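Asks: Sharing a structure below in structure tokens format, with a few things to ask.
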Amino acid sequence: GTRIAVAVDGPAGSGKSSVSRAAARELGFDYQDTGAAYRALAWLALNRGIDLDREADILTLLPDFDYDIGVDPNHYFVRVGGTPVTREIRDPAVSAVVSRVARIPAVREHLTGLFRSRIADGTRPGIITEGRDITTIVAPDAAVRVLLTASAAARTARRAAELDVSSTEAVGEQLSARDAQDLAVVDFMNAAEGVTTLDSTDLDFDETVAALVALIRAHP
Ligand code: C5P
């Protein structure tokens, strides 16, 4: 149909979630947070006491992995099997292990299928999907593809403010450790061909949202 697909990738702390959600709100689009799905699965694995070194055990979770992530940017929530985990999936314990779940190819294939059906089906005029491999793997044919970047210092400062902690050093180390693990799976630091880079280092939140909205509106 005429539903516009927008793909946004970027590293941890780039602000892609909050920026994508605000842009979707402004445009009346759906918003799809793919990182939340990986986090929800990691949360479930921890909750069930699964040994994360055993891939086969993680895979047993997939057949009835029942997550529900609100695509209405005004009513964001995450549930797993009916349990609200919106805040729980941001827990540092989940952030610390999510990459180990996300690096399993069968996990990525399963979730990618779910992401694609969300992109295809919906009543809103468009959908912004954000993550690490949206511009390259999940939706390489998206009408608008954007890589949202920011300097490591800017990303660390934003994440520290978000978590309300004073030790930016520890936050910076966690961010770069997670990025390093994730980069072994997919490159989200360099824009693929046809992908527009939006560098938010010197932009504030509203300016970044406005820039993303402008890129989407410029689409013919
Ligand atoms: O975006 P967020 O930081 O919440 O993502 C959490 C984790 O989910 C990432 O660190 C990465 O391991 C995984 N992820 C992924 N592919 C995506 C989105 C997230 O592997 N498209």
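The values are calculated or read from the model by the stated rules, or taken from the named source; none is laboratory data. No experiment lies behind these values; they were computed from the predicted model shown. Neighbour counts run over all protein chains shown; Cβ positions are idealised from the backbone, glycine included. Protein only, heavy atoms only, side chains kept; ligands, DNA and RNA dropped before computing areas. Shrake-Rupley method; radii C 1.70, N 1.55, O 1.52, S 1.80 Å.
Asks: Taking region 1-28, which residues are in a loop (DSSP other than H, G, I, E, B) and over 15 Å from residue 210 (Cα atoms)?
Replies: Passing the criteria: 1, 2, 3, 10, 11, 12, 13, 14.
Asks: Follow-up. Confirm whether residue 209 is over 18 Å from residue 33 (Cβ atoms) and β-branched (Val, Ile, Thr).
Replies: For residue 209, the condition - over 18 Å from residue 33 (Cβ atoms) and β-branched (Val, Ile, Thr) - is not met.
Asks: Answer yes if at least one residue in region 61-79 is closer than 24 Å to residue 13 by Cα, open to solvent by 60 Å² or more (accessible area, probe 1.4 Å) and within 14 Å of the ligand (Cβ to nearest atom), and no otherwise.
Replies: Looking through region 61-79, none of the residues is closer than 24 Å to residue 13 by Cα, open to solvent by 60 Å² or more (accessible area, probe 1.4 Å) and within 14 Å of the ligand (Cβ to nearest atom).
Asks: As an exercise: evaluate residue 158 against (1) within 14 Å of the ligand (Cβ to nearest atom); (2) open to solvent by less than 30 Å² (accessible area, probe 1.4 Å); (3) in a helix (DSSP H, G or I); (4) not aromatic (Phe, Trp, Tyr) and give the number of the one condition it does not meet.
Replies: (2)
Asks: Could you check how many residues of region 162-188 are exposed (fewer than 12 other Cβ atoms within 10 Å of the Cβ) and either under 19 Å from residue 100 (Cβ atoms) or within 16 Å of the ligand (Cβ to nearest atom) (or both)?
Replies: Here the count works out to 2.
Asks: Then there's this: Filter region 197-216 down to the residues that are exposed (fewer than 15 other Cβ atoms within 10 Å of the Cβ) and either under 19 Å from residue 132 (Cα atoms) or in contact (Cβ under 8 Å) with a residue 60 or more places away in the chain (or both) and list them by number.
Replies: 197, 201, 205
Asks: Based on what the data block shows, is residue 95 part of a helix (DSSP H, G or I), of a type in the set (Gly, Ala, Ser) and under 16 Å from the mean Cα position of the chain (by Cα)?
Replies: yes
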